[in-house]
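**Student:** So that we are looking at the same thing, I have put the structure below in structure tokens.
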Amino acid sequence: MGLSKTIPLVLLPILMFGVLSNAQLTSDFYSTTCPNVTAIARGLIERASRNDVRLTAKVMRLHFHDCFVNGCDGSVLLDAAPADGVEGEKEAFQNAGSLDGFEVIDDIKTALENVCPGVVSCADILAIAAEISVALAGGPSLDVLLGRRDGRTAIRADAVAALPLGPDSLEILTSKFSVHNLDTTDLVALSGAHTFGRVQCGVINNRLHNFSGNSGQSDPSIEPEFLQTLRRQCPQGGDLTARANLDPTSPDSFDNDYFKNLQNNRGVIESDQILFSSTGAPTVSLVNRFAENQNEFFTNFARSMIKMGNVRILTGREGEIRRDCRRVNG
């Protein structure tokens, strides 16, 4: 599945989202100061993705993990630097050893600093790169809103507390989203990003071999044949850093197969399957709608991306424009 499936979406009026009304973000923020920002980013992501089919999913995950920890401020990109008061979110349990894609963000930053130094924030680079990555994988395109500035701190404990975990209940997931003014529709739509990419076996190991602390037991919500497939890919006592496809039907394409998998009890992560397996929950009807209508999923995903991209942003004179995305300015 390629770009032929991409559906362009007109930017929805900002007033539709109350949390955006004072955001100061615009789709043409760099039209005069760095007009080629998107073209430069796209070229580098296209080149990198030819060498790594997983790159687009990695970049999308970076943007999500940035915004969910104290807002979309590029903090996830910072290397730990105790002298600067930066603990580093990269070392958080949910990120350590699994978060990736930093190099292409570095490449984009370097290229932009060469043509428009001190103009484009790392936080905006993440937002642009995530939108491009989704579109390249066959998903929806949108006019990403820009104008964020970069934060100067990264707190590991905040990342641990804020980022979703595989065993999270629906109540906990809903709470982690609602903190950012993201509702149930946003939860289901953004979870749909698991339609591409991989997950480390360590994330699903207990679900396959030690469910609810019972050795040898598996999550009964997993379809039996699929359970055996997952157990072969992630055997008990095996390499916890090995990976399984999040969407076994079309692992590198952005489509609505993720929701069809949930309907068939073939969600890989427990917190994915729970969206459909929670009888009577409002998430169930959304899964059904998105499974039936890919365009509806794409439209809602684009809306939710715009909302998520506006979480606790820094604008104006707040924060800074980092020269290097991995460290705060001196």
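The values are calculated or read from the model by the stated rules, or taken from the named source; none is laboratory data. Computed from a prediction, not measured in an experiment: that's the story for all the values here. FYI the Cβ positions are ideal-geometry reconstructions off the backbone, even for glycines, and counts take in every protein chain you see. Side chains are part of the model used for accessible areas, which takes the heavy atoms of the whole protein and leaves out ligands, DNA and RNA. Shrake-Rupley method; radii C 1.70, N 1.55, O 1.52, S 1.80 Å.
**Student:** If you go through segment 43-92, how many residues are open to solvent by 50 Å² or more (accessible area, probe 1.4 Å), under 27 Å from Pro251 (Cα atoms), of a type outside the set (Val, Ile, Thr) and in contact (Cβ under 8 Å) with a residue 24 or more places away in the chain?
**Tutor:** So the count comes out to 4.
**Student:** So Gln94 passes all but one of these: (1) closer than 18 Å to Ala57 by Cα; (2) among the polar types (S, T, N, Q); (3) over 15 Å from the mean Cα position of the chain (by Cα). Which condition number does it fail?
**Tutor:** Among (1) closer than 18 Å to Ala57 by Cα; (2) among the polar types (S, T, N, Q); (3) over 15 Å from the mean Cα position of the chain (by Cα), Gln94 violates only (3).
**Student:** Among (1) in contact with a Pro (Cβ under 9 Å, 6 or more places away or on another chain); (2) within 18 Å of Lys58 (Cβ to Cβ); (3) open to solvent by 20 Å² or more (accessible area, probe 1.4 Å), which single condition is Gly202 missing?
**Tutor:** (1)
**Student:** Could you list, in sequence order, the residues of segment 84-133 that are at pLDDT 95 or above and on the phi > 0 side of the Ramachandran plot?
**Tutor:** Gly101, Gly118
**Student:** For segment 301-320, does any single residue satisfy the condition of being on the phi > 0 side of the Ramachandran plot and surrounded by 20 or more Cβ atoms within 10 Å (Cβ to Cβ)? Before the answer, list the steps.
**Tutor:** Pass one, segment 301-320, residues on the phi > 0 side of the Ramachandran plot: 312, 316, 319.
Remaining after also requiring surrounded by 20 or more Cβ atoms within 10 Å (Cβ to Cβ): 319.
Checked against the condition, which is being on the phi > 0 side of the Ramachandran plot and surrounded by 20 or more Cβ atoms within 10 Å (Cβ to Cβ), segment 301-320 yields at least one hit.
**Student:** Answer yes if at least one residue in segment 170-181 is over 14 Å from the mean Cα position of the chain (by Cα), open to solvent by 10 Å² or more (accessible area, probe 1.4 Å) and on the phi > 0 side of the Ramachandran plot, and no otherwise.
**Tutor:** Within segment 170-181, one or more residues are over 14 Å from the mean Cα position of the chain (by Cα), open to solvent by 10 Å² or more (accessible area, probe 1.4 Å) and on the phi > 0 side of the Ramachandran plot.
**Student:** Another question about this same structure. Return only the number of the condition from (1) open to solvent by 10 Å² or more (accessible area, probe 1.4 Å); (2) over 24 Å from Ser27 (Cβ atoms) that Asn95 does not satisfy.
**Tutor:** (1) is the only condition that Asn95 fails.
**Student:** Quick one: which residue in Pro235, Pro224 is open to solvent by 50 Å² or more (accessible area, probe 1.4 Å), modelled with pLDDT of 95 or more and within 30 Å of Asn51 (Cβ to Cβ)?
**Tutor:** The match here is Pro235.
**Student:** Next up: Report yes if Asp186 is among the acidic types (Asp, Glu) and open to solvent by less than 10 Å² (accessible area, probe 1.4 Å), otherwise no.
**Tutor:** yes
**Student:** A further question on this structure: If you go through segment 129-156 one residue at a time, how many are buried (at least 24 other Cβ atoms within 10 Å of the Cβ), part of a helix (DSSP H, G or I) and not polar (S, T, N, Q)?
**Tutor:** 5
**Student:** Let me ask another. Condition (residue is touching a residue at least 40 places away in the same chain (Cβ under 8 Å) and over 30 Å from Arg231 (Cβ atoms)) applied to segment 262-275: is it met by at least one residue?
**Tutor:** Scanning segment 262-275 turns up no residue that is touching a residue at least 40 places away in the same chain (Cβ under 8 Å) and over 30 Å from Arg231 (Cβ atoms).
**Student:** Picking from Leu136, Leu190, Leu145, Leu165, which residue would you name as being closer than 30 Å to Leu240 by Cα, touching a residue at least 60 places away in the same chain (Cβ under 8 Å) and more than 14 Å from the chain's Cα centre (by Cα)?
**Tutor:** Answer to the check: Leu136.
**Student:** Would it be correct to say that Phe276 is within 22 Å of the chain's Cα centre (by Cα), modelled with pLDDT of 95 or more, open to solvent by less than 40 Å² (accessible area, probe 1.4 Å) and among the aromatic types (Phe, Trp, Tyr)?
**Tutor:** Details: within 22 Å of the chain's Cα centre (by Cα): yes; modelled with pLDDT of 95 or more: yes; open to solvent by less than 40 Å² (accessible area, probe 1.4 Å): no; among the aromatic types (Phe, Trp, Tyr): yes.
No; evaluated as a whole, the condition is false for this residue.
**Student:** (1) surrounded by 22 or more Cβ atoms within 10 Å (Cβ to Cβ); (2) charged (D, E, K, R); (3) under 30 Å from Leu146 (Cβ atoms): which one isn't true of Arg266, the others all being true?
**Tutor:** Result: Arg266 passes all but (3).
**Student:** Any chance you could count how many residues in segment 43-101 are among the β-branched types (Val, Ile, Thr), in contact with a Lys or Arg (Cβ under 8 Å, 6 or more places away or on another chain) and not in a helix (DSSP H, G or I)?
**Tutor:** Number of matching residues: 1.
**Student:** Which numbered condition trips up Thr33, out of (1) at pLDDT below 95; (2) assigned to a loop (DSSP other than H, G, I, E, B)?
**Tutor:** (1)
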